[in-house]
Amino acid sequence: MKFKVKNICCIGAGYVGGPTMAVIASNCPSIQINVVDRNIDRINSWNEEDLNKLPIYEPGLSDLVKKSRNINLHFSSDIESCISNADMIFISVNTPTKKKGIGAGQASDLRWIESCARKIGEHSKGSTIVVEKSTLPVKTAQTIKEILIAYEDKNSERNFSILSNPEFLSEGTAIKDLEQPDRVLIGGEDKDAIKALEDIYLNWVNEDRILTTDIWSSELSKLIANAFLAQRISSINSISSLCEVTQSNINNVSLAIGMDRRIGSKFLKSGPGFGGSCFKKDILNLVYICNHYGLYEVANYWEQVLSINDWQKKRITKKIVEKLFGTLSNKKITVLGFSFKSNTNDTRESPAIDICRDLLEEGCKLSVYDPKVKKNQIEKDLIFDKENISNLEIANSINKACINSDAIILITDWDEFYNLDFLELSKVMRNPRFIFDTRNIINAKDASNYGFRIWKLGDGIFQ
Ligand code: NAD
Ligand code: UGA
């Protein structure tokens, strides 16, 4: 059956649903798009007149929202009616790691996927294409199908086609990634449904970038892409420690190996460990699936990517304590950067959280500055007992954060941290003063001219 999509509903107005639909709306003016969410505060923020108050910070996003909002892009909490008006429904809800029960700590919690499938089953009309946008364990489409078939039986006028269309955007570059994707992956069985989704992307993506596969390969490819990316980071981070003890420099090693086209230069930047909502949960899920199928060696192999990531964060805290004479009590430490990477306000699984928590445990006072993360988010991530409240201060500038501080820990690679004003900082900080550069981005020679003691991750000279 041929489809001509006129009305899209996207369930989930998060870091994927919002930007993805803004890009589709901008490129497909003839399609009406409703982005819905059960979180009414989030929907209200998407509808904020002041575009600085959108729930997500992402370069280029506010311009797109301004262009299409209330024209062909709508944010609504009326989930039922938006589902019933849609001929294509994207499921873009969160799929975190299960906290309780079978598979706790590894398997994906699919309760929100199931509740979306049931809502679609109850409220959709006619022929509906259901698109998995969330990252899901391989074979989830089967679960969605079984739920929807149960509703098809009750009302024969309705039928469903299920597609997998995983999202590969990175936060901070989401709009660019969506406008110029490396590839768009569509998995499914129903050729007409695939064509309908393909036609949407063809409005701005070249045909040769659109890859269609069977549905299971599509679901699995998303998990594997994230696992491979995370593996590269753990690989380079493991070598950063070797550089430190051998007077070599991880940036030089990355450059040298990355020039080999078989290796490639991307994703070879060592740092404080990967964060973000997906790498860890997707690898845990991969490990769970491998164990489920009895592939224990494969599961153990991928688990190591996570072990190295945890080790990297821990070794940074250890280094700080060691350098600061073995104790952090009566010391103030300034943390620059709290989001998990630059150009996003997202703090999910940010390495800053673990490092800051460990530093607070060591008894220091902590002052945190991030250009985009809100004060209440940092407090939510860090306050785990009453004592913490008095030991934590959130500053609104680099300079204020550094007043009377003993050390700066640079955690996120925001542009403004590349050229710190060492003269000004030297005037407000205590002596001896330290900089721990976990992103290897500051000019260490400059900083040492102003009396700073420097530790740079992966740099054998500044140890
Ligand atoms: P998110 O937490 O930012 O957004 C998910 C939204 O879904 C939330 O606002 C939540 O309220 C809403 N929701 C959950 N259940 C609902 C329901 N039953 N009805 C209505 N709304 C519901 O998550 P995200 O970062 O956008 O990720 C969504 C999915 O996309 C995940 O599976 C993730 O793995 C995947 N993904 C994320 C990224 C990323 O960069 N964040 C990139 C690619 C893929
Ligand atoms: C990642 C993938 O890159 C996306 O393709 C995928 O769609 C997304 O996960 C997802 O499924 O959620 P994201 O987590 O937004 O995107 O950001 P990345 O650029 O991948 O960075 C992840 C973490 O790795 C950050 O903490 C970053 O600082 C770190 N990183 C990245 C490094 O330490 N070194 C690098 O060379 C690259």
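The values are calculated or read from the model by the stated rules, or taken from the named source; none is laboratory data. The shown structure was predicted, so the numbers you read here are calculated from the model rather than taken from an experiment. Note: ideal-geometry Cβ built from the backbone for every residue, glycine included; neighbour counts use all protein chains shown. In case anyone asks, the SASA skips ligands and DNA or RNA and just uses the protein heavy atoms, side chains included. Shrake-Rupley method; radii C 1.70, N 1.55, O 1.52, S 1.80 Å.
So for each of 114-124, 298-308 I average, over its residues, the number of other beta carbons within 10 Å; can you give me the resulting order with the highest mean first? Intermediate values should be presented prior to the final figure.
Working: 114-124: 19.5, 298-308: 16.5.
For the peptides 114-124, 298-308, the packing ranking is 114-124, 298-308.
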For the stretch 31-145, what is Rg from Cα atoms divided by 2.2 N^0.38 Å, rounded to two decimals? 1.18
When N is the residue count of the stretch 65-224, what does its C-alpha Rg come to as a fraction of 2.2 N^0.38 Å? 1.06
Return one whole number: the accessible area per residue of the stretch 346-409 in Å², for a 1.4 Å probe. 47 Å²
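Quick check of the Kirkwood formula: for the stretch 142-300, what is the inverse mean of 1/r over all pairs of different Cα atoms, in Å?
Details: mean 1/r = 0.0533 Å⁻¹.
Every distinct Cα pair counted, the radius reaches 18.8 Å.
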List the pair-distance distribution P(r) of the stretch 206-288, using every Cα-Cα distance, as the percent of pairs falling in each 5 Å bin from 0 up to the bin containing the longest distance, rounded to whole percents. 3, 13, 19, 18, 16, 15, 10, 4, 2, 1
Percentage, to the nearest whole number, of Cα pairs in the stretch 370-463 over 17 Å apart: 54 percent
Given 256-266, 23-33, 314-324, the highest-first ranking by average Cβ count within 10 Å works out to 23-33, 314-324, 256-266
For the chain, find the longest principal axis of its Cα atoms and tell me its angle to the long axis of helix 215-245, 0 to 90°, nearest 10. 10 degrees
Note to self: C-alpha centroids of the stretch 264-295 and the stretch 68-142 sit apart, in Å, by 23 Å
Take the alpha carbon atoms of the stretch 319-361, find their center, do the same for the stretch 161-204, and report the distance between the two centers in whole angstrom. 37 Å
For Thr213, what residues show an amide H to amide H distance below 5 Å, using hydrogens built from the backbone and excluding near sequence neighbours? Ile186, Gly187, Gly188
Tilt, helix 279-292 to longest principal axis of the chain (alpha-carbon atoms), in degrees rounded to tens, equals 60 degrees
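Accessible area of the stretch 23-140 with a 1.4 Å probe: how many percent of it is carbon plus sulfur? The partial results should precede the final answer.
Numbers: 2380 of 5240 Å².
C and S fraction of accessible area: 45 percent.
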Stretched out fully, how many nm does the piece from Lys375 to Lys191 gain, at 0.36 nm a residue minus the Cα gap? 61.4 nm
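Calculate the translational D of the chain in whole µm² s⁻¹ from Stokes-Einstein, where the hydrodynamic radius comes from the Kirkwood formula applied to all Cα pairs, the temperature is 25 °C and the viscosity 0.890 mPa s.
Numbers: Rh = 23.8 Å.
Result for D is 103 µm²/s.
Could you give the accessible area per residue of the stretch 24-133, probe 1.4 Å, as a whole number in Å²?
Values: 5050 Å² over 110 residues.
Per-residue value: 46 Å².
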Where GluC sites (Glu not before Pro) fall in DSSP loop in the stretch 135-203, at most 12 other Cβ within 10 Å: Glu157
Under a 5 Å amide H to amide H cut-off, with H placed in plane at 1.01 Å, what residues pair with Ile33 once short-range neighbours are removed? Ile8, Leu73, His74
Taking Cα atoms only, helix 17-27 is inclined relative to the longest principal axis of the chain by an angle, in degrees rounded to 10, of 60 degrees
State in Å² the accessible area per residue of the stretch 240-339; use a 1.4 Å probe, count heavy atoms of protein chains only, and round to the nearest integer. 51 Å²
Would you please give the residues with an amide H less than 5 Å from that of Thr334, counting only those at least 5 places away or on a separate chain, with H modeled from the backbone geometry? Ser367, Asp406, Ala407, Ile408, Ile409
